[in-house]
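Structure first, then comments.
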Amino acid sequence: MKDIVEQNSQLQLLSPEAIVRWAVEQGEPTIMSTSFGPNSAALLHLVGQIAPDLPIIWVDSGYNMRDTYVVAEEIIDRLKLNMKIYVPEVTSERLNILMGGIPTLDEPEKHAEFTRIVKLDPFERALADLKPKIWISGIRQDDTEFRRSLDVLSYDKRGILKVAPIFRWSDED
């Protein structure tokens, strides 16, 4: 692969469709992740059209709103997605009892442990099972201050190449 800076300068000019095509044409094990958040349907539709067999990871924390589950099931059914759903090893009810409810950000240690249990551990299991080299993600530069420092392509701490086809999209897009 070309230098990531050079590759980013070329990919920044392309459409999200072209970026997804580029990612799957690399010939490496590739996944997508979703949270079924606001931008999910558009990117899932796009990926489903280009690479219908691509494994799509959803970490179902057990703490989603009812509407999230309803919309997720509708999208999965309509788009015939190759979903790989991972859940925590502890049920939400048990975790509520053990932790006294969902910890707030005012309880940083407790919140970090909660996040590890319901999100990070299931995602790590997914990565261990699927062993991707490329990860298509719905992150956008406007999401957080940290993401402004990234680009269409970036490497995560594990060395997986993250590809963000809608990185430059605004809320209006």
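The values are calculated or read from the model by the stated rules, or taken from the named source; none is laboratory data. Given the structure is predicted, the values throughout are model-derived calculations rather than measurements. Heads up, the Cβs are rebuilt from the backbone with ideal geometry, glycines too, and the neighbour counts pull from every protein chain shown. Accessible surface is based on the protein model in full, side chains and every heavy atom, while ligands, DNA and RNA are left aside. Shrake-Rupley method; radii C 1.70, N 1.55, O 1.52, S 1.80 Å.
Considering I75, I102, I85, I57, the condition of being touching a helix residue (DSSP H, G or I) at 6+ places or on another chain (Cβ under 8 Å), part of a strand (DSSP E or B) and of a type outside the set (S, T, N, Q) is satisfied by I57 alone. Does the stretch 41-63 contain at least one residue that is over 25 Å from A128 (Cβ atoms), of a type in the set (A, V, I, L, M, F, W, C), buried (at least 16 other Cβ atoms within 10 Å of the Cβ) and touching a strand residue (DSSP E or B) at 6+ places or on another chain (Cβ under 9 Å)? No, there is no match, as no residue in the stretch 41-63 is over 25 Å from A128 (Cβ atoms), of a type in the set (A, V, I, L, M, F, W, C), buried (at least 16 other Cβ atoms within 10 Å of the Cβ) and touching a strand residue (DSSP E or B) at 6+ places or on another chain (Cβ under 9 Å).
Return yes or no: is K110 touching a Pro at 6+ places or on another chain (Cβ under 7 Å) and at positive phi? Before the answer, list the steps.
Values: touching a Pro at 6+ places or on another chain (Cβ under 7 Å): yes; at positive phi: no.
Judged against the criteria, K110 is not a match.
Could you please let me know if D106 is acidic (D, E) and crowded, with 17+ Cβ neighbours inside 10 Å? Taking the combined requirement at face value, the residue does not satisfy it.
Could you list, in sequence order, all residues of the stretch 76-91 that are open to solvent by less than 40 Å² (accessible area, probe 1.4 Å) and in contact (Cβ under 8 Å) with a residue 24 or more places away in the chain?
L81, M83, Y86, P88, V90
Among the residues of the stretch 72-112, which ones are over 12 Å from S61 (Cα atoms) and of a type in the set (S, T, Y)? T104 - this is the single residue of the stretch 72-112 that is over 12 Å from S61 (Cα atoms) and of a type in the set (S, T, Y). Within the stretch 11-69, track down each residue that is hydrophobic (A, V, I, L, M, F, W, C), more than 22 Å from R125 (Cβ to Cβ) and under 17 Å from the mean Cα position of the chain (by Cα). Matches in the stretch 11-69: I19, V20, A23, V24, A41, A42, L43, L46, A51.
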